[in-house]
Amino acid sequence: MTMTHAVWKTMIEIMKQDVIPATGCTEPVSIAFAAATAARHLGEPVQSIDARVSANLMKNGMGVMVPGTGRPGLYIAAAVGALGGNPDKGLQVLAGISQAIVDQGAAMVDTGKVTVQIAKDVPYVLYSEATVKGKAHTVTVCVADAHTHVISIEKDGQFVFKAPETSSNNGQDKIDFLQSLCIADIVDFAERVPLKDVAFMKEAEVLNDRLSKEGLTGKYGLHIAASLVKQQESGLIGNDLQTQVLIRTVSAADARMGGAPFPAMTNSGSGNQGISATQPVVVIADHVKASAEDRLRAIVLSHMTAIYAHAFLPKLSAFCATITASMGAAAGMSWLMDREHAVETISRAICSMTGEAAGMVCDGAANSCAMKVATACTSAFRSVLLALEGTRVSGHDGLVAFDVNESIRNVGCLACRGMQQTDDEILQIMLNKNQEQG
């Protein structure tokens, strides 16, 4: 029991690290955070900004709306971060920026005072670097491995801060711990952990459900959810439980990707993953009239399963990780609907998802991410329905193994090794498309 409690404590600590609020897509937020940190150390008005980011961060940041700005991309994120961001707020660095700051940042971008390039000489998959220049000084801040993890601050050629190389093993201890778990461990944790120790997870439902309601206004992104509601009213689609899961999940993604000025509760560094791990479980909890305790335990199960599955993936890759996040949702939904056979039902559902949607690629953060969230959450719900009937994709099929944990590992192998060339090709297409004139 002592060992069990030690394991639970580590799981709780990891959830506190990996389930946190973020305002806006976390890749533009990372460069905004670097720029805001640099501007704080500059000590004078910012006149120009030069940014460099890893290829994966460029892919995820170049087309997504930055909250409160009305513009997409890394340029405006760097500008408003430097001019008015608060680095003390971490992933909410851009929360509450004023229209005056937005106008000033847009002017900097439009007059060529902001540059963004790919950093080809860094060993990090997740990397952002901002150099801000004033009249008398220059400051460079480098962020790596996590969206707000500062590894160095340099002012006028002298290091103000440099993280010691021995201070981190690139998070390998955390990854090793997560990969040592199994679905049965996570179910046991979610069912028996003292509620007071995971009460902080209530905020996941609060934040992501607020985004969901905002997305239903139809003002953001592709307004997929609002369109589906209109189609319900016209009789083109019904109001069944699967459609409710779809609408209430995708509406939050619509709002987030469309630049709504509200934070999402993230999972594994992504707001869309946090939404995918939260909203389907909330809808099912409403449907079964779950108690407050069961709602919380189901959300804990979902988010911890999503974190576990993501531990087999790169930090950023060509793999759309809303799938692994929705595997978490499948776990939470299964638990709410079949408590007696929870591990078996969860295992069947996740194995079926491995066979259905594991190949969905990430082609950068954009409004279209809401479509991927829709695909992932629908796959999760459909797989749960099959699992409740004792049906799953066979371990003889493709990536799917007989054991659920092996199936999850196989998805990780696909993302880590099998999709590296795919990732490079996706970025090249994105950087060079639309150049032919019709």
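Summary table below
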{"item": "Filtered residues of the stretch 139-176 (kept if without any contact (Cβ under 8 Å) to a residue 60 or more places away in the chain and β-branched (Val, Ile, Thr))", "result": "151, 166"}
{"item": "Positions within the stretch 185-222 being surrounded by 19 or more Cβ atoms within 10 Å (Cβ to Cβ) and of a type in the set (Ser, Thr, Tyr), in sequence order", "result": "212, 220"}
{"item": "Filtered residue count, the stretch 74-107, keeping only those that are of a type outside the set (A, V, I, L, M) and under 10 Å from residue 36 (Cβ atoms)", "result": "7"}
{"item": "Residues located in the stretch 262-286, provided they are in a strand (DSSP E or B) and hydroxyl-bearing (Ser, Thr, Tyr)", "result": "270"}
{"item": "Some residue of the stretch 103-116 being assigned to a loop (DSSP other than H, G, I, E, B), farther than 29 Å from residue 362 by Cα, among the charged types (D, E, K, R) and open to solvent by 40 Å² or more (accessible area, probe 1.4 Å)", "result": "yes"}
{"item": "Any chance residue 363 is acidic (Asp, Glu), under 21 Å from the mean Cα position of the chain (by Cα) and assigned to a loop (DSSP other than H, G, I, E, B)", "result": "yes"}
{"item": "Scope the stretch 45-74; condition part of a loop (DSSP other than H, G, I, E, B), open to solvent by 40 Å² or more (accessible area, probe 1.4 Å) and not small (Gly, Ala, Ser); matching residues", "result": "45, 47, 62"}
{"item": "Pairs with Cβ under 9 Å, 6+ apart, first in the stretch 177-203 and over 12 Å from residue 305 (Cα atoms), second acidic (Asp, Glu) and open to solvent by 40 Å² or more (accessible area, probe 1.4 Å)", "result": "195/293"}
{"item": "Cβ-Cβ under 7 Å pairs, at least 6 apart or on other chains, the stretch 225-240 side open to solvent by 70 Å² or more (accessible area, probe 1.4 Å), far side part of a helix (DSSP H, G or I)", "result": "239/232"}
{"item": "Cβ-Cβ under 7 Å pairs, at least 6 apart or on other chains, the stretch 266-284 side without any contact (Cβ under 8 Å) to a residue 60 or more places away in the chain, far side of a type in the set (Lys, Arg) and open to solvent by 10 Å² or more (accessible area, probe 1.4 Å)", "result": "283/248"}
{"item": "Count - residues of the stretch 62-93 that are of a type in the set (A, V, I, L, M) and either more than 19 Å from the chain's Cα centre (by Cα) or over 15 Å from residue 109 (Cβ atoms) (or both)", "result": "9"}
{"item": "Number of positions in the stretch 32-44 that are in contact with a Pro (Cβ under 9 Å, 6 or more places away or on another chain) and surrounded by fewer than 24 Cβ atoms within 10 Å (Cβ to Cβ)", "result": "1"}
{"item": "Matching residues in the stretch 139-171 - criterion: being closer than 16 Å to residue 44 by Cα, in a strand (DSSP E or B) and open to solvent by 50 Å² or more (accessible area, probe 1.4 Å)", "result": "154, 155"}
{"item": "The lone exception for residue 206 - which of (1) touching a helix residue (DSSP H, G or I) at 6+ places or on another chain (Cβ under 8 Å); (2) at pLDDT 95 or above it fails", "result": "(1)"}
{"item": "Count of the stretch 322-358 residues which are open to solvent by 30 Å² or more (accessible area, probe 1.4 Å), in contact (Cβ under 8 Å) with a residue 40 or more places away in the chain and within 23 Å of the chain's Cα centre (by Cα)", "result": "1"}
{"item": "Which listed residue is out of contact with any Gly (no Cβ under 8 Å at 6 or more places or on another chain), at pLDDT 95 or above and of a type outside the set (S, T, N, Q), from 281, 300", "result": "300"}
{"item": "Filtered residue count, the stretch 426-438, keeping only those that are assigned to a helix (DSSP H, G or I) and loosely packed, with under 13 Cβ neighbours inside 10 Å", "result": "3"}
{"item": "Search result, residues across the stretch 338-353 that are farther than 14 Å from residue 187 by Cβ and either modelled with pLDDT under 95 or of a type outside the set (S, T, N, Q) (or both)", "result": "351, 353"}
{"item": "Test: residue in the stretch 376-386 that is in contact (Cβ under 8 Å) with a residue 12 or more places away in the chain, touching a Lys or Arg at 6+ places or on another chain (Cβ under 8 Å) and in a loop (DSSP other than H, G, I, E, B)", "result": "no"}
{"item": "Breaking point among (1) charged (D, E, K, R); (2) touching a residue at least 24 places away in the same chain (Cβ under 8 Å); (3) not in a helix (DSSP H, G or I), for residue 289", "result": "(2)"}
{"item": "Selection status of residue 259, in contact with a Ser or Thr (Cβ under 6 Å, 6 or more places away or on another chain) and open to solvent by less than 20 Å² (accessible area, probe 1.4 Å)", "result": "no"}
{"item": "Filter result (open to solvent by 20 Å² or more (accessible area, probe 1.4 Å) and modelled with pLDDT under 95) within the stretch 119-138", "result": "120, 121, 122, 123, 124, 125"}
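Here's the yes/no breakdown for (1) at pLDDT below 95; (2) touching an Asp or Glu at 6+ places or on another chain (Cβ under 9 Å):
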residue: 165; (1), (2): yes, no
residue: 171; (1), (2): yes, yes
residue: 177; (1), (2): no, no
residue: 196; (1), (2): no, no
residue: 202; (1), (2): no, no
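The values are calculated or read from the model by the stated rules, or taken from the named source; none is laboratory data. Quick caveat: nothing in here was measured; it's all calculated off a predicted structure. A quick note on method: Cβ atoms are made from the backbone with ideal geometry, for glycine too, and the neighbour counts reach across all protein chains shown. Side chains are part of the model used for accessible areas, which takes the heavy atoms of the whole protein and leaves out ligands, DNA and RNA. Shrake-Rupley method; radii C 1.70, N 1.55, O 1.52, S 1.80 Å.
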